Amino acid sequence: MLSALMNTNMPWAPSAWKHWVDHIIRQGHKFGLKRATLVHANGTTAAATSGFMLPSHEIQKFAAYFDGVIKGDPERISLQGKTYIIKSISASQIIAFNGSRYFVISRAKTMYIVVMCDSRTMYEDGARWLQRLTDSLVAKGY
């Protein structure tokens, strides 16, 4: 397996982060979590469900929201080019809503987990579950 990771001729190498995304979708499905991405603070994507991407300029603004130093309207956030109203924000999680879907952004030490949720009734349970998952990433140093 190590040789697969070191072979630069290999067109695709397995990603541990992809396993995390797959786990989020498998386990989070009961909470209405439909798509997920793990992104680094610099805006690069570690892994994502197919077709679920966030522009790096949006990702790079997450820290300002979490740290309470956002310029402009602190009650709104732009995700995938759409405006979302922030329903709740803490030092480690943002929940935003646009009328039809929720975004939950959880902050670890070195990255963010962003999920899209289509359930109005289960998003809070999904957010709590995602926070526990994020806490385990933090415990591992990420």
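For the list (1) surrounded by fewer than 16 Cβ atoms within 10 Å (Cβ to Cβ); (2) more than 19 Å from GLY28 (Cβ to Cβ), I need the number of the one condition that ILE86 fails. (1) is the only condition that ILE86 fails. Of all the listed residues (ALA48, ALA16), the sole one being modelled with pLDDT under 90 and farther than 19 Å from TYR123 by Cβ is ALA16. Checking each residue in the range 29-82 for being in contact with a Phe, Trp or Tyr (Cβ under 8 Å, 6 or more places away or on another chain) and either of a type in the set (Ser, Thr, Tyr) or in a helix (DSSP H, G or I) (or both) picks out PHE31, THR37, ILE59, PHE62, SER78.
SER106 meets each of the listed conditions (1) outside any helix (DSSP H, G or I); (2) out of contact with any helix residue (DSSP H, G or I) (no Cβ under 6 Å at 6 or more places or on another chain) apart from (2).
Residue-by-condition table, conditions (1) touching a Leu at 6+ places or on another chain (Cβ under 8 Å); (2) buried (at least 16 other Cβ atoms within 10 Å of the Cβ):
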position: SER56; (1), (2): no, no
position: ALA63; (1), (2): no, no
position: ASP73; (1), (2): no, no
position: VAL114; (1), (2): yes, yes
position: ASP118; (1), (2): no, no
position: MET122; (1), (2): no, yes
position: TRP129; (1), (2): no, yes
position: SER136; (1), (2): no, no
position: ALA139; (1), (2): no, no
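Out of all the residues in the range 31-38, is one or more among the small types (Gly, Ala, Ser) and either surrounded by fewer than 16 Cβ atoms within 10 Å (Cβ to Cβ) or farther than 14 Å from VAL115 by Cβ (or both)? Spell out the reasoning first.
Pass one, the range 31-38, residues among the small types (Gly, Ala, Ser): 32, 36.
Filter once more, keeping what is either surrounded by fewer than 16 Cβ atoms within 10 Å (Cβ to Cβ) or farther than 14 Å from VAL115 by Cβ (or both): none.
Looking through the range 31-38, none of the residues is among the small types (Gly, Ala, Ser) and either surrounded by fewer than 16 Cβ atoms within 10 Å (Cβ to Cβ) or farther than 14 Å from VAL115 by Cβ (or both).
So which residues in the range 102-125 are under 14 Å from LYS87 (Cβ atoms) and among the acidic types (Asp, Glu)? Hit for the range 102-125 is GLU124, nothing else.
The values are calculated or read from the model by the stated rules, or taken from the named source; none is laboratory data. As the structure is a computational prediction, the values presented were derived from the model and not from experiment. Using ideal geometry, Cβ is built from the backbone for each residue, glycine included, and neighbour counts are taken over all protein chains shown.
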